[in-house]
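Peer 1: Would you mind keeping the following structure in view while I ask a few things?
Just so it is clear, none of the values below were taken in a lab; they were calculated from the coordinates. Keep in mind it's a predicted model, so treat the numbers as computed, not measured. Cβ: placed from backbone, ideal geometry, glycine included. Neighbour counts: every protein chain shown.
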Amino acid sequence: MSNPEQIVRFKDAELRESYVAALLETDPSKLQEKISRFETAIFERLQRASNNGHDGELQNLHDAVHALRKLQVDKLNYPPWKSK
């Protein structure tokens, strides 16, 4: 199980719940589905935020995308992003 310090604190309940579900999932057969739900929650929130454009919301989504990528790399063995 993951260390509590690794859990990113999201203001949006749907983001938070889907992230924690993916982070704490230990069954490999369910992991891809949980990560996909988190990814969907990010992009749905991004669509809503594009109409409002608050800096705090955009930072929250930025953090969510980085948390998603970390889950993909750490748990699904995606290749890491290369820095430019």
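Peer 1: As I understand it, the value is the acute angle between the Cα axis of helix 55-76 and the longest principal axis of the Cα atoms of the chain; what does it come to in degrees, rounded to 10?
Peer 2: On a 0 to 90 degree scale, this one is about 20.
Peer 1: Can you give the charge dipole size of the chain about its Cα centre, rounded to the nearest 20 debye, using +1 on the beta carbon of Lys and Arg and -1 on the beta carbon of Asp and Glu? Don't skip to the answer; put the middle values down first.
Peer 2: Values: 13 positive and 13 negative charges, 53 e Å.
My answer is approximately 260 debye.
Peer 1: Treat the count of other C-beta atoms within 10 Å as a stand-in for reagent exposure and order 10, 43 from fewest to most. Intermediate results must be reported in sequence, preceding the final value.
Peer 2: Numbers: 10 21, 43 13.
By the 10 Å Cβ count, ascending: 43, 10.
Peer 1: Fully extended, how many nm does the chain gain between residue 43 and residue 82 (0.36 nm per residue separation, minus their Cα-Cα distance)?
Peer 2: Between residue 43 and residue 82, full extension yields an extra 11.8 nm.
Peer 1: Moving to a separate point now. For the chain, please report how many Lys pairs fall under 28 Å Cα to Cα, leaving out neighbours fewer than 8 apart on the same chain.
Peer 2: Summing the qualifying lysine pairs gives 13.
Peer 1: Would you compute the Debye intensity of the chain from its alpha-carbon atoms alone, equal scatterers and no solvent, and pass along log10 I(q)/I(0) at q = 0.16, 0.24 Å⁻¹ to two decimals?
Peer 2: -0.61, -1.20
Peer 1: Using the alpha-carbon atoms, what tilt in degrees (0 to 90, nearest 10) does helix 13-24 show relative to the longest principal axis of the chain?
Peer 2: 20
Peer 1: Extending each Cα 7 Å along its Cβ direction at residue 30 and residue 11, get the distance between those two points in nm, one decimal.
Peer 2: Distance between the two pseudo-spin positions: 3.1 nm.
Peer 1: For the chain, take the longest principal axis of its alpha carbons; what is the angle in degrees between that and the long axis of helix 28-52, to the nearest 10 within 0 to 90?
Peer 2: Helix 28-52 and the main axis of the chain meet at about 10 degrees.
Peer 1: On to the next question. Using Cα pairs closer than 8 Å and at least 6 residues apart in sequence, work out the relative contact order for the range 8-76, in percent.
Peer 2: On the way: 45 pairs, mean separation 26.4, N = 69.
Rounded, it is 38 percent for the range 8-76.
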